[in-house]
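Only the coordinates and a few stated rules stand behind these numbers; no lab work does. Quick caveat, the model's predicted, so the values are computed rather than measured. Because the Cβ atoms are built from the backbone with ideal geometry, glycine has one as well, and the counts that use them run over all protein chains shown.
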Amino acid sequence: MTSHRIGILGTGLIGNFYAQTLRRGRSRDEVAVVYSRTAERAREFAERFQIATWTTDLEEATRHPAIDTVVVALPNDLHLPAVKLAATAGKAVLVTKPLARTATEAREILRIVEEAGIFAGYLEDLCYTPKTLRALEYVEQGTLGDVLWVRSRETHPGPHSAWFWDPRRAGAGAIVDLGCHCIEIIRSFVGKHVRPIEALCWADTLVHPIDAEDNAVGLIRFENGALGQFEVSWTFRGGMDLRDEVAGTEGTIWLNHFLRTGFEMFTSGANSSYVAEKAEVERGWLFPVGDEIGELGYVDMFDDMFAALDAGRQPRETVYDGYIVNAIIDACLASARNHRWETINLEWRGGQSHRIERRHQNVGDLILVKQERLPDGRQKLILKDPRTGDFLDRIV
């Protein structure tokens, strides 16, 4: 079984989650190098996770001979330069979400890794939650029929670090930070072979004194007729709300990943401790998470990434996927500015998908629209006359 020596770039919240996961779920691997922009944070992180080498030099971290894989857990504006360095050094590179600030930057990252011939993966953890992976099995087996509509929601009180709030560094606000998760979840359920063609989005800055949106709702229309809907907010009170809904011609799935999932606890707060990511309080009724890094998808995500690296295959989430997400985000931001549907401009590699077919059966010369059971046990048919276009009820 192959083991890897890893360099983590970044010591913020996501870097901590990654280090915890790699130490536990990937115990055969070793995080050998950590980079931070400040010596104090680099040293503390290295001591806490027992990492041999720490540095404040980004080039030194990516080129270090002790590592074969670079994990980019940096602010969005540093993704492109970090990938350039990793590619030049010939290292495998795994990049946290979103891939970049814009589709142009994301396309450049894609070009760099492909021309360098290195393994690259897109670290979109919420597509790897245990519930999502199980739900995707049902969808891919056809249990829900044709997927018609997917809704994904991520809302919380706002990000932890200052750079998120600066659109010059982040690219935008809640749409880039949270919408990137929702968009890729939607694509996963609709089918990645189905091209997204246009977006309609509302976004506004409702609460915070910032130059980026803190709330947004968006629609994504796909080539086959399916619709995606996302809701994101940096002003939601009560913790982090992660929910998805999938509706198909033969079934429906509802997923609640983080809040109200069956673990509820009351405390006076006398001995306060960490509850869960984005939890706002430490007393009263609380909703802890049984296995945070597992339930947020980090364990399965890294298992897939390194299994793909070892097998010479593509991971479930590729850099090309990250590029598509950025292209959809660009269209959403343009739509919010222009108050209209915007075309999603991207380099599409997935071919053409067929439109979802309308299905019907005939009752004599009429078309059956719907059939339902009445309280008295009889069947009610709603029928359409194809010659006149009229609709009628029939009790049988």
Only Lys, Arg (+1) and Asp, Glu (-1) charged, at Cβ; the chain dipole about Cα centre in debye: 540 debye
Please compute the modelled spin-label separation between Glu47 and Glu347, points set 7 Å along Cα→Cβ, answer in nm with one decimal. 4.6 nm
In the chain, which whole DSSP H runs stretch at least 24 Å along their own axis (Cα) and average 0.5 or higher on the Kyte-Doolittle scale? 319-338
For Leu13 and Ala311, what is the calculated FRET efficiency with R₀ set at 30 Å and r taken between the beta-carbons, to the nearest 0.05? 0.50
Placing +1 on each Lys and Arg Cβ and -1 on each Asp and Glu Cβ in the stretch 271-396, then taking the dipole about the Cα centre, the residue among Phe306, Val281, Ile382 whose Cα reaches farthest towards the positive end is Ile382
Around Arg111: net Lys/Arg minus Asp/Glu count, Cβ-Cβ under 14 Å: -2
What net charge is computed for the residues neighbouring Trp163, neighbours being all others with C-beta under 12 Å from the C-beta of Trp163, Lys and Arg scored +1, Asp and Glu -1? +1
Cα lying deepest toward the dipole's positive end in the stretch 260-388, options Ala334, Met265, Ile324, charges on Cβ: Ala334
Output ³J(HN,Hα) for the stretch 159-169: one whole-Hz value per residue in order, computed from phi by the Karplus curve 6.51 cos²θ - 1.76 cosθ + 1.60 with θ = phi - 60°, and x for Gly and Pro. x, 7, 9, 4, 4, 4, 7, 9, x, 5, 8
If the only charges are +1 at each Lys and Arg Cβ and -1 at each Asp and Glu Cβ, what is the size of the charge dipole of the stretch 154-252 around the Cα centre, to the nearest 20 debye? 220 debye
Placing each pseudo-label 7 Å from Cα in the direction of the beta carbon, His160 and Asp146 end up separated by a distance in nanometres of 4.4 nm
Inter-label distance for His208 and Arg283, nm, one decimal - labels placed 7 Å from Cα along Cα-to-Cβ: 2.8 nm
Expected vector for the stretch 290-295, Karplus 3J(HN,Hα) from phi with 6.51, -1.76, 1.60 and θ = phi - 60°, integer Hz, x for Gly and Pro, equals x, 9, 4, 5, x, 5
Once amide H atoms are placed 1.01 Å from N in the peptide plane, what residues at a sequence separation of 5 or more from Leu94, or on another chain, have their amide H within under 5 Å of its amide H? Val70, Val71, Val72, Gly121
Can you give the charge dipole size of the stretch 127-343 about its Cα centre, rounded to the nearest 20 debye, using +1 on the beta carbon of Lys and Arg and -1 on the beta carbon of Asp and Glu? 340 debye
Can you tally the net charge around Pro288? Count Lys and Arg as +1, Asp and Glu as -1, for every other residue whose Cβ sits under 14 Å from the Cβ of Pro288. -4
Out of His64, Trp165, Trp348, whose Cα points farthest toward the positive end of the dipole of the chain (charges: +1 Lys, Arg; -1 Asp, Glu; placed on Cβ)? Trp348
Taking amide H positions as placed in the peptide plane 1.01 Å from N, state which residues far from Gly173 in sequence (5 or more) or on other chains have amide H under 5 Å from it. Glu213
Here the residues of the stretch 218-254 lying in the modelled label zone of Lys131, meaning backbone nitrogen under 18 Å from a point 7 Å along Cα-to-Cβ, are 229-233, 237-248, 252-254
